[in-house]
Amino acid sequence: MNNELTTLENDVMDMQDDATPFDKLREECGVMAVYNHPEAARMTYWGLYSLQHRGQESAGIATADGQNVNDMKGMGLVSEIFTDDVLAKLPGHMAIGHTRYSTTGDSALLNAQPISVESTRGLIAIAHNGNLVNLGNSRERLERDGAVFQTTSDSEIIIQLIAHSKASTLVDCIADSLSQVEGAFSIVMMTRNRIFAARDPHGLRPLSMGRISGANGAPDTFVFASETCAFDLLHAKYERDVEPGELVMVSEDGVTSRHFAKMAVPKASCIFEHVYFARPDSKIYGRWVQKSREEMGRQLARESGVAADLVVPVPDSGVTAALGYAAESGIPFNFGLIRNHYVGRTFIQPEQRVRDFGVRMKLNPVRALLEGKRVILIDDSIIRGTTSRKIVRMVRAAGATEVHMRISCPPTISPCFYGVDTPSKKDLIAANKSIEEIREFIEADSLAYLSLVGLTHSCTMGEPVDGLSPGDFCTACYTGDYPTAWVDVSEILPAEAVVSR
């Protein structure tokens, strides 16, 4: 009778959870640019393919040949949109591309990027990763000045500011416009004959520059991408990061650079890129993500070791940290949960309501490994706690005698306003419950998070003197201390689906 009651209670709790999205923070967006390559569209396609993890909702590519600009955008995955026939319709030696997960603006083809605007400065196309936090005032002022917005995306504000700037040259217009907006932006822009790349003064989102050597003395190809993993597929050599507050221009005269920020501000690069967003094979902010995540696991074992028989990652995001935890603790590592990689986008679109069946469809326990074992589960974060609870139950139902949850970052207590789709504070379990209360909620035998000091240590350990420092990161989601003026989450435009016309 007690077992039947427990099962019934669990079913009721799972039904209550059905109305919540899958319990993970969502990727922001990925941007890509190519200058001086005869197949710029195809190179951009390959780069976006490597950045697909940063957004699965829509994608677009715009190309230019010095005279004409062509673009193509669509809903869905990069490989679904850009067939050979489509790429053949995108001629030119320059291209910019974008793969999107909406954080502001409607989730529709209307807001797919790149966004293009024809102005007195000529045609300008933009692809943007990040989120602006002063968009309301800027938009109202631009509309009073006669701007007609094509989209509800905050990215268009940047391009409209450029179009309405009073500066004398296009480069000055861009620099002037970027100095007016606040928040997170890593952007690539294209005119008919130039490519631009820029990061916000805090460097909140990543953006790197690479180079492909020209064959037989031909000019080099320059590429820009949100993550360096995109360079590997293109055989491009990583040159450097675009610096915070820097505007880089690539033209037939070569590469030039200037800083547009009106005043110096401290660096505040998103540390969650190293925790979860970026691919482990990327170099983000000049540091390998794999290196950071393995050290997070090692530090987690030092801070909160527990007697157990097996270290099991929650795939895929917990794998590298679990390897570090196992290496430091001496406890064997194994894949006790198997992920189905063919579930598709059903479970990662904005506002998607995911049932408990979705978790079981995505992950399945290996009973032969878990039965009779004391298990340490390693994951990168707990957001709402609903998925963690289902995974703990799943592992216990597979025969584990103990289930200990270890998280490779501190408790997430505050929403992000810089391009991450974070739930409001009322939905963040760590903002409303103690660690012990969270442990009870997810039904684990023990629960521990990596400390903030341990996290920043993990993302800087072994760096040269002039490399990253703990103070270079934005950790607002763990501290509530934001690097820009605080904006209430209700002021950020919601992502909601509309019918594109």
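Sort 435, 212 by heavy-atom solvent-accessible area, probe 1.4 angstrom, most to least. Provide the component values of the computation, followed by the final result.
Values: 435 75, 212 30 Å².
Ranked from most to least accessible, the order is 435, 212.
Can you give the FRET efficiency for residue 193 and residue 360, using 1/(1 + (r/R0)^6), R0 = 60 Å, r = Cβ-Cβ distance, to the nearest 0.05? The partial results should precede the final answer.
Numbers: r = 53 Å, r/R0 = 0.89.
In this case the efficiency is close to 0.65.
How compact and how long is segment 200-297, expressed as Rg and Dmax of its alpha-carbon atoms in Å?
Cα-based Rg and Dmax for segment 200-297 come out at 15.0, 47 Å.
Just to be sure I understand the model, the point goes 7 Å from the Cα along the line to the Cβ. What's the resulting residue 425 to residue 215 distance in nm?
5.8 nm
Going by a ≥ b ≥ c, the root eigenvalues of the Cα gyration tensor, does segment 159-199 fall in the rounded group (a/c under 1.5), the prolate group (a/b larger than b/c) or the oblate group? Walk me through the numbers on the way to the answer.
On the way: a/c = 2.01, a/b = 1.07, b/c = 1.87.
Here segment 159-199 falls in the oblate category.
Sorted by accessible area (1.4 Å probe), largest first, how do 169, 320 line up?
Details: 169 65, 320 15 Å².
The most accessible residue leads, giving 169, 320.
Express in whole angstrom the spacing between the alpha-carbon centres of segment 204-219 and segment 224-283.
12 Å
Given a 1.4 Å probe and the protein chains all in place, what does the accessible area of residue 49 round to, in Å² to the nearest 10?
Result for residue 49: roughly 130 Å² accessible.
If r is the Cβ-Cβ distance from residue 434 to residue 243 and R0 is 60 Å, what FRET efficiency results, to the nearest 0.05?
On the way: r = 41 Å, r/R0 = 0.68.
According to the calculation, E is roughly 0.90.
When the chain is fully extended, how far beyond the present Cα-Cα distance does residue 252 get from residue 166, taking 0.36 nm per residue of separation?
Numbers: separation 86, 0.36 × 86 = 30.96 nm, distance 2.56 nm.
Additional length available on full extension: 28.4 nm.
Would you check the accessible area of residue 168, probe 1.4 Å, heavy atoms only, in square angstrom rounded to 10?
Rounded to the nearest 10, that gives 90 Å².
The values are calculated or read from the model by the stated rules, or taken from the named source; none is laboratory data. Everything quoted here is computed from the prediction, not taken from an experiment. Every residue, glycine as well, gets a Cβ built from its backbone with ideal geometry; the counts of neighbours run over all protein chains shown. The accessibility values were calculated without ligands, DNA or RNA, using every heavy atom of the protein model including side chains. Shrake-Rupley method; radii C 1.70, N 1.55, O 1.52, S 1.80 Å.
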